[in-house]
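Enquirer: Here it is, the structure, as structure tokens.
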Amino acid sequence: MARTTGGRLPWARTVFWLYVATLMLPLLWMFGMSIRPNEDILGSFSLIPQRVTFENYQTFFGDPSWYSSYLNSIVYTSMNAVMSLVVALPAAYAFSRFRFAGDKHLFFWLLTNRMAPPAVFLLPFFQIYQAVGLFDTHLGVAVAHMLFNVPLAVWILEGFMSGIPREIDETAAVDGYSLPRFFVRIFLPLIRSAIGVTLFFCFMFSWVELLIARTITSVDAKPIAATMTRTVSAAGVDWGLLAAAGVLTIVPGAVVIWFVRNYIAKGFALGRV
Amino acid sequence: MTRPDPRRRANRAWLLVLPVVVSVAFTAVIPLMTVVNFSVQDVFSPTDRVFVGLDWFYEAVRRPENREAFVRTLLFSAQVLLVEIPLGVAIAVAMPRRGVWVSVALVLVALPLLIPWNVVGTIWQIFARPDIGLGGWTVANLLGVDYNYTLDSTDAWITILVMDVWHWTPLVALLAYAGLRSIPQPYFQAAQIDGASAWATFRHIQLPRLRGVLTIAILLRFMDSFMIYTEPFVVTGGGPGNATTFLSILLSKMAVGQFDVGPAGAFSLIYFLVVQILCYVFFTALTRSGR
């Protein structure tokens, strides 16, 4: 029966779960560190924690500079995902439905912006965001992250929209739907899964980015990942606290992926690239 | 097979594209112009700068460090693609397709993607330590290999590569999995009736259907591995020596560390151009091959 379920070999299942177990090892190790006192982490190697403590998590939630930067990250990441989606939707529709002057070049040009090495943009970003008053604001980081998320969103959505038959547009037009009304009432529900996937990828790439977010913030919109680089003190690195913060940075992403898990499979399934 | 382009001709569509153009202009074009501005000047202070023409570009091409970092990064990207693409496809093929375990599998596989990059670096910095990290300890003590990523160049390189494979193969696997799910069941039933082997089924039914998602995967992995910065910076800081000084690390040392914005600007423009050309080649090759 193995082949009828999509060409899977009999031992594929075992190999797959072994892979997942390997994938989890570094994460479990970090979790293990987060519930140990620092002396035990650095003292000697032990597979199972000798003493279990939740002190590191208490420190995290007891210190505003930790938990507020955690909230900062969630706020600008969510803003970015929504903004990228709203901007990308009409553009992706245009690329998938119309031919217009320079469309091919524009499409590739959009993609090239994803290839810009962030290290290059740090200095100009710092200057520009300070000049226009977006420095150290959530909106500023959300806008800055559109640099790599908008091209990606257009790319994903365009591929998916091209898989939706054009007859639907034409039928709606005959039925007297205007373009905006058709888009919101009929088209958007059809591409639900693509929207889910796009939101997931925008959230993911914005959440994990540090370099740009750190450069254009100082206090009010400081990302959690930047706060984590500060754990080095005179007493050395606070590995336990760092690990606890690391564990907590995985939580929002895990929640998001749980919600879009059914869309992931469908989101890229249709359409061309 | 060539099909006539079914899209209507309408230049009004530009209006729909306008928001994207504006947002990208603000986030990418203006900063890029600033970099172009830096690249042709020698900046001594904000008020004291001299136009130097293309001098920085010549210097960027000639500097041995730049060339070495370039070759190193290219080699790294090639290794990343060679390992991650086949591995990701294999994982996608082996992934469960139905039942309650699908959700669990998807979430667990996606987890490494959702960790901030410096945290990924931190995880591996400690995990790979031979004295207190599980990974390093296993290699050094159980396998008896003389392993220390902070002292040995090869060890550092392998550590960064393994970290990247751990971190990013899930992306390839998720994309490939989505592609596999789009194949209608009758294809497999037909293959079974014809008595096709598992390999033949994969080669002639599954792989051709993956072209689209693999184009995305290859381009994304190439772009991102070629620009890799945060993870190796946290784990090795570019060392030992220059063993893991990739282009972005070298660039930010020049621009932020030494404040050589002119040479850094010129070098980064060359770097940007090279990435674009390589991506264009990939993009054209991959989208043409299936038409």
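Enquirer: Give just the number: which of (1) closer than 30 Å to A:Val219 by Cβ; (2) in contact (Cβ under 8 Å) with a residue 40 or more places away in the chain; (3) within 8 Å of another protein chain (Cβ to nearest Cβ) does A:Ser96 not satisfy?
Expert: (1)
Enquirer: Right, another one. Among the residues of region B:62-114, which ones are free of Cβ contacts under 8 Å to residues at least 12 places away in the same chain, within 13 Å of another protein chain (Cβ to nearest Cβ) and of a type in the set (D, E, K, R)?
Expert: Residue satisfying the conditions is B:Arg98 alone.
Enquirer: Additional query: How many residues does region B:53-65 hold that are under 15 Å from B:Val261 (Cα atoms), touching a helix residue (DSSP H, G or I) at 6+ places or on another chain (Cβ under 7 Å) and of a type outside the set (Gly, Ala, Ser)?
Expert: Selection size over region B:53-65: 3.
Enquirer: Tell me the helices (runs of 4 or more DSSP H) entirely within region B:115-202 that contain at least 1 residues that are surrounded by fewer than 19 Cβ atoms within 10 Å (Cβ to Cβ) and in contact (Cβ under 8 Å) with a residue 40 or more places away in the chain. Let's see the steps before the verdict.
Expert: Details: elements: B:117-127, B:134-137, B:153-181, B:185-193, B:198-201.
Filter on region B:115-202 gives B:153-181.
Enquirer: Cβ-Cβ under 8 Å, sequence separation 6+ or interchain: first residue in region B:25-51 and assigned to a strand (DSSP E or B), partner among the aliphatic types (A, V, I, L, M) and modelled with pLDDT under 85. Which pairs?
Expert: Correct list of pairs: B:Gln41/B:Val50; B:Gln41/B:Val52; B:Asp42/B:Val50; B:Asp42/B:Val52; B:Val43/B:Val261; B:Phe44/B:Val50; B:Arg49/B:Val43; B:Phe51/B:Val40.
Enquirer: Right, here's the next one. Would it be correct to say that B:Ser252 is touching a helix residue (DSSP H, G or I) at 6+ places or on another chain (Cβ under 6 Å), assigned to a helix (DSSP H, G or I) and without any contact (Cβ under 8 Å) to a residue 40 or more places away in the chain? Spell out how you get there, then give the answer.
Expert: Working: touching a helix residue (DSSP H, G or I) at 6+ places or on another chain (Cβ under 6 Å): yes; assigned to a helix (DSSP H, G or I): yes; without any contact (Cβ under 8 Å) to a residue 40 or more places away in the chain: yes.
So B:Ser252 fits the description; yes.
Enquirer: Considering only residues that are of a type in the set (Val, Ile, Thr) and over 15 Å from the mean Cα position of the chain (by Cα), look in region A:69-101 and name the one that is surrounded by the fewest Cβ atoms within 10 Å (Cβ to Cβ). Let's see the steps before the verdict.
Expert: At the first step, the residues of region A:69-101 found to be of a type in the set (Val, Ile, Thr) are A:74-75, A:77, A:82, A:86-87.
Remaining after also requiring over 15 Å from the mean Cα position of the chain (by Cα): A:86-87.
Working: A:Val86: 11, A:Val87: 23.
Checked region A:69-101; the qualifying residue surrounded by the fewest Cβ atoms within 10 Å (Cβ to Cβ) is A:Val86.
Enquirer: Report whether or not B:Ser39 is under 21 Å from the mean Cα position of the chain (by Cα), among the polar types (S, T, N, Q) and under 28 Å from B:Leu269 (Cβ atoms).
Expert: On the way: under 21 Å from the mean Cα position of the chain (by Cα): no; among the polar types (S, T, N, Q): yes; under 28 Å from B:Leu269 (Cβ atoms): yes.
Spelling it out, it is not the case that B:Ser39 is under 21 Å from the mean Cα position of the chain (by Cα), among the polar types (S, T, N, Q) and under 28 Å from B:Leu269 (Cβ atoms).
Enquirer: Read through the list (1) closer than 19 Å to B:Ala255 by Cβ; (2) out of contact with any strand residue (DSSP E or B) (no Cβ under 8 Å at 6 or more places or on another chain); (3) more than 8 Å from chain A (Cβ to nearest Cβ), then give the number of the only condition that B:Val40 fails.
Expert: With respect to (1) closer than 19 Å to B:Ala255 by Cβ; (2) out of contact with any strand residue (DSSP E or B) (no Cβ under 8 Å at 6 or more places or on another chain); (3) more than 8 Å from chain A (Cβ to nearest Cβ), B:Val40 is out only on (2).
Enquirer: Here is a follow-up. With (1) modelled with pLDDT under 90; (2) closer than 15 Å to A:Val86 by Cβ as the list, and A:Glu167 as the residue in question, which single condition is left unmet?
Expert: So A:Glu167 meets the others, but not (2).
For every residue, the table says whether it meets (1) among the aromatic types (Phe, Trp, Tyr); (2) surrounded by fewer than 20 Cβ atoms within 10 Å (Cβ to Cβ); (3) in a loop (DSSP other than H, G, I, E, B).
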residue	(1), (2), (3)
A:Lys104	no, yes, no
A:Gln127	no, yes, no
A:Gln130	no, yes, no
A:Asp136	no, yes, yes
A:Val150	no, no, no
A:Ile164	no, yes, yes
A:Ala172	no, yes, no
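Enquirer: What tally of residues in region B:249-279 results from selecting those that are at the interface with chain A (Cβ under 7 Å from one of its Cβ atoms) and under 21 Å from the mean Cα position of the chain (by Cα)?
Expert: So the count comes out to 8.
Enquirer: Then there is this: Got a sec? Which of B:Asn148, B:Asn141 is more than 9 Å from chain A (Cβ to nearest Cβ) and out of contact with any His (no Cβ under 8 Å at 6 or more places or on another chain)? If you could, list the steps in order and put the result at the bottom.
Expert: Working: B:Asn141 fails: more than 9 Å from chain A (Cβ to nearest Cβ).
Exactly one of B:Asn148, B:Asn141 is more than 9 Å from chain A (Cβ to nearest Cβ) and out of contact with any His (no Cβ under 8 Å at 6 or more places or on another chain), namely B:Asn148.
Enquirer: Then there is this: Out of B:Glu68, B:Glu84, I need the residue that is closer than 22 Å to B:Thr169 by Cα, of a type in the set (Asp, Glu) and part of a helix (DSSP H, G or I). Which one? Before you say what the answer is, go through the steps one by one.
Expert: Values: B:Glu68 fails: closer than 22 Å to B:Thr169 by Cα.
None of the other options fit; the residue is B:Glu84.
Enquirer: Any idea how many residues of region B:88-99 are surrounded by fewer than 17 Cβ atoms within 10 Å (Cβ to Cβ) and at pLDDT 90 or above?
Expert: Restricting attention to region B:88-99, the residues satisfying the condition of being surrounded by fewer than 17 Cβ atoms within 10 Å (Cβ to Cβ) are B:97-99.
Okay, now just the ones that are also at pLDDT 90 or above, so none.
The total comes to 0.
Enquirer: Which of the residues belonging to region B:194-230 are charged (D, E, K, R), in contact with a helix residue (DSSP H, G or I) (Cβ under 8 Å, 6 or more places away or on another chain) and more than 10 Å from chain A (Cβ to nearest Cβ)?
Expert: Our first condition is that a residue be charged (D, E, K, R); within region B:194-230, this holds for B:194, B:203, B:209, B:211, B:221, B:224.
From what's left, in contact with a helix residue (DSSP H, G or I) (Cβ under 8 Å, 6 or more places away or on another chain): B:209, B:211, B:221, B:224.
Hit for region B:194-230 is B:Arg221, nothing else.
Listed here are the residues, each with its yes/no results for (1) under 19 Å from B:Gly136 (Cα atoms); (2) hydroxyl-bearing (Ser, Thr, Tyr); (3) in a helix (DSSP H, G or I).
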{"residue": "A:Pro26", "(1), (2), (3)": "yes, no, yes"}
{"residue": "A:Phe31", "(1), (2), (3)": "yes, no, yes"}
{"residue": "A:Ser46", "(1), (2), (3)": "yes, yes, no"}
{"residue": "A:Thr77", "(1), (2), (3)": "no, yes, yes"}
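The values are calculated or read from the model by the stated rules, or taken from the named source; none is laboratory data. The shown structure was predicted, so the numbers you read here are calculated from the model rather than taken from an experiment. A quick note on method: Cβ atoms are made from the backbone with ideal geometry, for glycine too, and the neighbour counts reach across all protein chains shown.
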